[in-house]
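Reading through the structure tokens given below for one structure.
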Amino acid sequence: MKENKNKKQISKVNEYTIFSLNMQFFLTIADVVLFILYLLNKIKVSILEIVIGITLLVIGYNNYWVYRRKNYTLVYVIAGIIVIIIGILKICGVL
């Protein structure tokens, strides 16, 4: 039989991939909850920005190691770092 060479490869499931995928899931839920709290109670947006930045970093990690999609990994990592820096600068009072 012929194998399909265009088939995307996903890494094997182990405790590290499950942990990183669970982290992505829980951080995404935290993002949604914090966004709703921001809309309702006007919590500090810097906390939301830091959690979104961490979520982007975890998504970039999962893209590289779990899903083997290396195209957007750099975009996620750069965006995550920028959002975290902006959030920290807002907490410090610079922005």
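The values are calculated or read from the model by the stated rules, or taken from the named source; none is laboratory data. Since the structure is predicted, the reported quantities are computational estimates derived from the model, not experimental observations. Because the Cβ atoms are built from the backbone with ideal geometry, glycine has one as well, and the counts that use them run over all protein chains shown.
Name the single residue that is surrounded by the most Cβ atoms within 10 Å (Cβ to Cβ) among those in the range 17-64 being hydroxyl-bearing (Ser, Thr, Tyr) and free of Cβ contacts under 8 Å to residues at least 24 places away in the same chain.
So, considering only residues that are hydroxyl-bearing (Ser, Thr, Tyr) and free of Cβ contacts under 8 Å to residues at least 24 places away in the same chain, the one surrounded by the most Cβ atoms within 10 Å (Cβ to Cβ) is Tyr64.
Has the range 4-19 got at least one residue that is hydroxyl-bearing (Ser, Thr, Tyr) and at pLDDT 90 or above?
There is no residue in the range 4-19 that is hydroxyl-bearing (Ser, Thr, Tyr) and at pLDDT 90 or above.
Please determine whether any residue of the range 81-89 is in contact with a Ser or Thr (Cβ under 8 Å, 6 or more places away or on another chain), closer than 18 Å to Gln24 by Cβ and either surrounded by 13 or more Cβ atoms within 10 Å (Cβ to Cβ) or of a type in the set (D, E, K, R) (or both).
no
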